[in-house]
Amino acid sequence: MQDAQEAATEAANVQAVPPPPPPAEQGANPPAKGECLIYGITGSMNCMGSVLLVTAGGCGKLETCMPYQDTAKPEFLAINPFHRVPALKDGDYCLAESNAILRYVATSYVPDAYPTDPRLRGFINWAMDRFSSTMYADCRGTLNPILGYGLPPADQAAVGKKCSQNLEEFAKVFLKGKFVGGQKPSIADYKVAPFFLCYEHPVVRARSCVECPDRIKQFNKDFAAACDTTGMLSSIVKGMFDLVQRGEEDIDCSEATPGQQEAVKSLFPLPGREHMS
Ligand SMILES: N[C@@H](CCC(=O)N[C@@H](CS)C(=O)NCC(=O)O)C(=O)O
């Protein structure tokens, strides 16, 4: 039986235990080990940065979610009421918008991709903001029409030229090192890499008048070597645009890899994709 001294010691120990956390709010108890689900499709370059980051960081995976179809279902709207992919679920925590997802995943599980040094972090954020606020518009006028999301712009040559100039300027300002993050890829690199790889495909030059700068092509090689070691991104991008190049009328996926088939399937039968931005 317990004597009085043992009981007193036990009571003191119990009191020393910190109080329980406040009642569960969304995200109050993130799992110790990341098992992030990235809702989206491989055919969406907005999604691929997050998919590549969780894959490289070993902290999550893609959960296929078709825009305009699955994104309208109540179970998806509970994750992202604004419909769009990518969206993230990490335990009971939900998040959307590709930049927010990249920041959350890196801060939680892949810290090397989002260094805490305020100056480097500021530079990385600057590159991400530059892409989102200005260069994403270039994608709408160059990549999206090729993939069937909307009509080509009235002056394709002008839009292609502006896009090429913006790529040159991005390279001059942000790619003084190997990556935006310096020697190591950062979340800004994950953000832009899927789009930059698309710009290198010959069909984008032929149809959208984009001249992909050599520095961007070099970045694509470096990023593939560092972050796309399985070739997931490169095979999907090549597969999609090769198939587009062969003609939308007769898309034969029989020789494509399963990843490419999934990417292509995710592109062509989308109802309402012309409204996609
Ligand atoms: N600004 C958003 C853009 C996301 C976006 O445009 N997603 C498209 C697919 S690429 C989408 O989910 N469209 C479906 C819908 O609007 O229902 C981001 O960076 O995450």
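Quick notes on this one:
- Evaluation of residue 119 against the conditions (1) farther than 30 Å from residue 184 by Cβ; (2) away from the ligand (no atom under 13 Å from the Cβ) shows that the sole unmet condition is (1).
- Scanning the range 46-65 for residues that are out of contact with any Pro (no Cβ under 9 Å at 6 or more places or on another chain) and within 13 Å of the ligand (Cβ to nearest atom) turns up just one, 64.
- If you go through the range 120-162 and keep only what is buried (at least 16 other Cβ atoms within 10 Å of the Cβ) and of a type in the set (A, V, I, L, M, F, W, C), you end up with 123, 124, 127, 128, 131, 135, 139, 143, 146, 147, 159.
- Residue satisfying all of: in the range 86-105; assigned to a loop (DSSP other than H, G, I, E, B) and out of contact with any Ser or Thr (no Cβ under 6 Å at 6 or more places or on another chain); nearest to residue 63 (Cα to Cα) among these: 91
- Flag if residue 90 is at pLDDT 95 or above, within 14 Å of the ligand (Cβ to nearest atom) and among the acidic types (Asp, Glu): no
- Number of positions in the range 77-87 that are within 9 Å of the ligand (Cβ to nearest atom) and farther than 24 Å from residue 193 by Cβ: 2
- Residue check: residue 66 meets all listed conditions (1) part of a loop (DSSP other than H, G, I, E, B); (2) hydrophobic (A, V, I, L, M, F, W, C); (3) modelled with pLDDT of 95 or more but one, namely (3).
- Count of the range 37-63 residues which are in a strand (DSSP E or B) and either closer than 16 Å to residue 236 by Cβ or among the aliphatic types (A, V, I, L, M) (or both): 5
- Subset tally (residues that are in contact with a strand residue (DSSP E or B) (Cβ under 8 Å, 6 or more places away or on another chain) and acidic (Asp, Glu)) for the range 80-118: 1
- Here residue 235 clears all of (1) within 22 Å of residue 122 (Cβ to Cβ); (2) assigned to a helix (DSSP H, G or I); (3) of a type in the set (Gly, Ala, Ser) except the condition numbered (1).
- Scope the range 208-219; condition out of contact with any Gly (no Cβ under 9 Å at 6 or more places or on another chain) and in contact (Cβ under 8 Å) with a residue 40 or more places away in the chain; matching residues: 212, 213, 215, 216, 219
- Once the range 34-45 is narrowed to residues that are closer than 21 Å to residue 144 by Cβ and of a type outside the set (A, V, I, L, M), the residue that is farthest from the ligand (Cβ to nearest atom) is 42.
- Out of 109, 114, one residue alone is under 24 Å from residue 38 (Cα atoms), at pLDDT 95 or above, away from the ligand (no atom under 16 Å from the Cβ) and buried (at least 21 other Cβ atoms within 10 Å of the Cβ). It is 114.
The values are calculated or read from the model by the stated rules, or taken from the named source; none is laboratory data. All figures in this text were calculated on a predicted structure; none of them were measured in a lab. Counting neighbours? That spans all protein chains shown, and the Cβs are built from the backbone with ideal geometry, glycine included.
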